[in-house]
Structure formats: C-alpha cells, structure tokens
Amino acid sequence: MASHAPAPVQPQAPLPARPAAAPAIRLFRADWRRFEDVEELARWDALARHAAEPNPFHESWYLLPALRALDPAGKVSLLCLEADGQLAGMLPVSRETSYYDLPVPHWRNWMHPNAFLGTPLVAKGLETAFWREVLAWCDANAGPALFFHAAQLADDGPLNRALAQFARETGRPAATVMREERAALASDLSPDDYLEASLSGKKRKELRRQHRRLAEEGELTVERTSGSEGVGEWAEEFLRLERAGWKGEAGSALDCDERTRDLFTAALHGAAEHGRLERLAIRLDGKPLAMLVNFLTPPGASSYKTAFDEDFARFSPGVLLQRENLELLTRPGIKWTDSCAAADHPMIDHFWREKRAVTRHNLGIGGTMRRMAFRLIAVKETGSLPRGIA
C-alpha cells in the first residue's frame, strides 16, 4: 500500500496587532500655587524632560519664580493636560482686557518681558491633543474674550505645526498676526571655522587686536561654569554690572526692580540645580568686564542675558565674550542656540548667521457670533479674513 507523506503544516497567519489604547485625556485649570507642592513639582520636571519642544521659560525653575514675582495675586492660571494620570502638558494663561492698547478682551498665553518663548511644554505625541483640549476649554470659558492669542511660538517647532494643522482641519478661524526672525546659532562648523565664516578678515583682526590690548590692562581670564557653586555671588555681580550701564540709566536693568532682581537670582539658582545653567564671564584682575547666562535645554539652548562694562567699550568685551560663547557649537546634545535677542540686533545678527522665527497667532473661540466678531477684528488687524496659520 502506498504511503503518503503528511501535508506540510501551514504557518498560522499572525494575528493583527491590537492598536494601543489611546490615553485617557483630561485638561484642567490650576492655580499655579498648587505646584509649590514637592510632588507636583516633580511631575512638572518630568514633563519638561520629555517635552516635544524645550522651553526654559516654562520649566518649573523659571516659570514658578516668575509667577511668584509678577503674579502674587494668582491671576494667571495653568492649563494642565493629563494623559492616563500623568502630567502631559502645561501652559500659563491669563484673560486680558486690552489688546495692544485696544479695549479688546481675549485669552492669551501669559508672557512677561523677561520670557522669550511662549511654546507650551507638551509630551511628545500629544501636541494636537493638547491644542484640541486648550481651545475647547477656551470655547467653554470664553466669557467676554473674543479670541485666543498664542504669542512667541517657535515657527518651525512641533507645537506650532500642530496648532496650524488643527486649525486647518477643524475650520477654526485663525490668523498669524506677527512673524519675526532673530539670530540663532546652529552649525556643524568648529568655533574657529564659524568665526571665519561669519566675520570678515578685517573684523577678526580687529578682535585679536582688542584682545591683546585688553590683556595689557591686567590679568585677563575667561570663566566658564555650569555648576551651582558661587551662583549667588555671580548673580549679584551680573546685576551690578548691568545696572551700571545704559539699562540702569533707562531704568530697565534687572536690578532696577525688586521683582525682576528676585526672578533673575531664583532662576539662576534653579537652573543650576536642574543642570540647565551655563555662566560665562571675561574678567580683568578678577573684575567682570562681560558676563553671559545660557540656559541649556537639549537639544537647544537659550542665550538669556548678557552685560558688559561700558567703561571698556573700546575693547568690545561683549563681542569678545560672544567669541568665547561659540564653544556652544562643541557642546554635546546642543544642536542650536536661540539668541533671545530682538530682531535685527546690531551686534549678534552680524555674529550668528542662522535665524529662528517666532510667531504670534489669534484663533477664534466660542460660538458663531463670537467667531464672526473675531473675523472682523482679524480683517482690521491684518487686512484680510483669517485664512489660517501660515
């Protein structure tokens, strides 16, 4: 009798992968003083470490001292997103009664003159969900507000892209009301090669001459520190140096106001404790001639504040310090640095060759009539109907 080989066993088709369950999302409005609690602070710091986009001005060590100094009555709120119980998004907001001196009430992300970026801290992958929840909250809590103003968002960042896409897909009226570019540092060149590409041979020769002449005045040293040792004394030196110059005469130096003085000092201590601080100084016989503060938030950094002794202006100590600051190009984990300077800055724009764009948008909120009113406001401000975020 003929034998028959058993039929080969066919491999079982793999079962289709079950999609991961979407996280349970909840957005709530919190009094910022809630985050004075140690456990809440830990949640905030964990969010900052895993944010889709860095923003030192919204991390706990900076935003909390700013709120203590500038909002003692607690009028600013924090819109907080939770995903499966974890803090996954945060944005400080306030309801304003005027818009650029016009009596137009609106909601906005809270900013102050010493914060240079308004991008919220949001966990990676939840950018769209964050804006959906924030704008739904604004719809439900519009009150007299006619729109939501999102200021100082990084134009090429994931949060700005998500906001633009969400507004477009949902048909929410939106308009970009301002876009400006400021100097940035982002290059694979070495510091020496970058300097050569940025400045003419004549200017580089002049810098070398100024450095030699300055060294003839006494012992010239460059100080670069990143730890917390001596932060308090260093901060006091910086405040005195800045106040001694034109900012002090104009009343705009940090030390001219107790609130900004306290914010600066607390921020430096906090940044050092969180491993976010770099201090740079040029000293002559131990006396500071130029000082600079960088905040390090990988993959980026922010050049926060700088000051120099105007009695030594003929030696360009501020420019000499920026030459030393090019070492940021070699720092591991840092791919770019935001100058935090005004657009068309007379010095840094000729030194740092890259640009970072920041934008401001208005978005309609509430019901049909309120959004119609917003469209009229947009036409008045921009000259055309709101056509979405550019």
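What the table below lists for this structure:
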{"quantity": "Residue ID - surrounded by the fewest Cβ atoms within 10 Å (Cβ to Cβ), chosen from residues in the stretch 221-256 that are of a type in the set (A, V, I, L, M) and in contact (Cβ under 8 Å) with a residue 24 or more places away in the chain", "calculated": "222"}
{"quantity": "Residue in the stretch 271-280 that is least open to solvent (accessible area, probe 1.4 Å), counting only those that are in contact (Cβ under 8 Å) with a residue 60 or more places away in the chain and of a type in the set (D, E, K, R)", "calculated": "276"}
{"quantity": "Of all residues in the stretch 281-325 being more than 19 Å from the chain's Cα centre (by Cα) and among the aromatic types (Phe, Trp, Tyr), the one that is least open to solvent (accessible area, probe 1.4 Å)", "calculated": "315"}
{"quantity": "Residue list for the stretch 110-132, filter: within 18 Å of residue 86 (Cα to Cα) and polar (S, T, N, Q)", "calculated": "128"}
{"quantity": "The listed residue being more than 30 Å from residue 297 (Cα to Cα) and of a type in the set (Val, Ile, Thr), out of 122, 104, 134", "calculated": "104"}
{"quantity": "Wholly within the stretch 216-335, helices (runs of 4 or more DSSP H) carrying at least 2 residues that are at pLDDT 95 or above and over 30 Å from residue 196 (Cβ atoms)", "calculated": "231-243, 246-250, 258-273"}
{"quantity": "Candidate set: the stretch 83-132, residues that are among the polar types (S, T, N, Q) and closer than 23 Å to residue 264 by Cβ; chosen: the one surrounded by the fewest Cβ atoms within 10 Å (Cβ to Cβ)", "calculated": "94"}
{"quantity": "Residue list for the stretch 199-208, filter: outside any loop (DSSP other than H, G, I, E, B) and open to solvent by 30 Å² or more (accessible area, probe 1.4 Å)", "calculated": "201, 202, 203, 204, 205, 206, 208"}
{"quantity": "Only listed residue being among the small types (Gly, Ala, Ser) and in contact with a Pro (Cβ under 9 Å, 6 or more places away or on another chain), chosen from 333, 318, 367, 383", "calculated": "333"}
{"quantity": "Single condition residue 102 does not satisfy, out of (1) modelled with pLDDT of 95 or more; (2) within 25 Å of residue 378 (Cα to Cα)", "calculated": "(1)"}
{"quantity": "Selected residue (only one of 56, 65 is open to solvent by less than 10 Å² (accessible area, probe 1.4 Å), modelled with pLDDT of 95 or more, of a type outside the set (A, V, I, L, M, F, W, C) and within 30 Å of residue 177 (Cα to Cα))", "calculated": "56"}
{"quantity": "Tally of residues being open to solvent by less than 40 Å² (accessible area, probe 1.4 Å) and within 16 Å of the chain's Cα centre (by Cα) across the stretch 344-358", "calculated": "3"}
{"quantity": "Some residue of the stretch 310-329 being under 21 Å from residue 223 (Cβ atoms), among the acidic types (Asp, Glu) and without any contact (Cβ under 8 Å) to a residue 24 or more places away in the chain", "calculated": "yes"}
{"quantity": "The stretch 257-270, residues that are more than 20 Å from residue 318 (Cβ to Cβ) and open to solvent by less than 20 Å² (accessible area, probe 1.4 Å)", "calculated": "263, 267, 270"}
{"quantity": "Output for the stretch 54-73, where each listed residue is farther than 25 Å from residue 334 by Cα, charged (D, E, K, R) and in a loop (DSSP other than H, G, I, E, B)", "calculated": "71"}
{"quantity": "Residues of the stretch 146-193 that turn out to be of a type in the set (Gly, Ala, Ser), surrounded by 21 or more Cβ atoms within 10 Å (Cβ to Cβ) and over 20 Å from residue 113 (Cα atoms), as a count", "calculated": "4"}
{"quantity": "Enumeration of residues in the stretch 359-389 that are open to solvent by less than 40 Å² (accessible area, probe 1.4 Å), part of a helix (DSSP H, G or I) and within 16 Å of residue 143 (Cα to Cα)", "calculated": "373, 374"}
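The values are calculated or read from the model by the stated rules, or taken from the named source; none is laboratory data. Nothing here was measured: the structure is a model prediction, and the numbers come from that model. All Cβ positions, glycine included, derive from the backbone under ideal geometry; neighbour counts span all protein chains shown. Areas reflect the complete protein model, heavy atoms only, side chains present, ligands, DNA and RNA absent. Shrake-Rupley method; radii C 1.70, N 1.55, O 1.52, S 1.80 Å.
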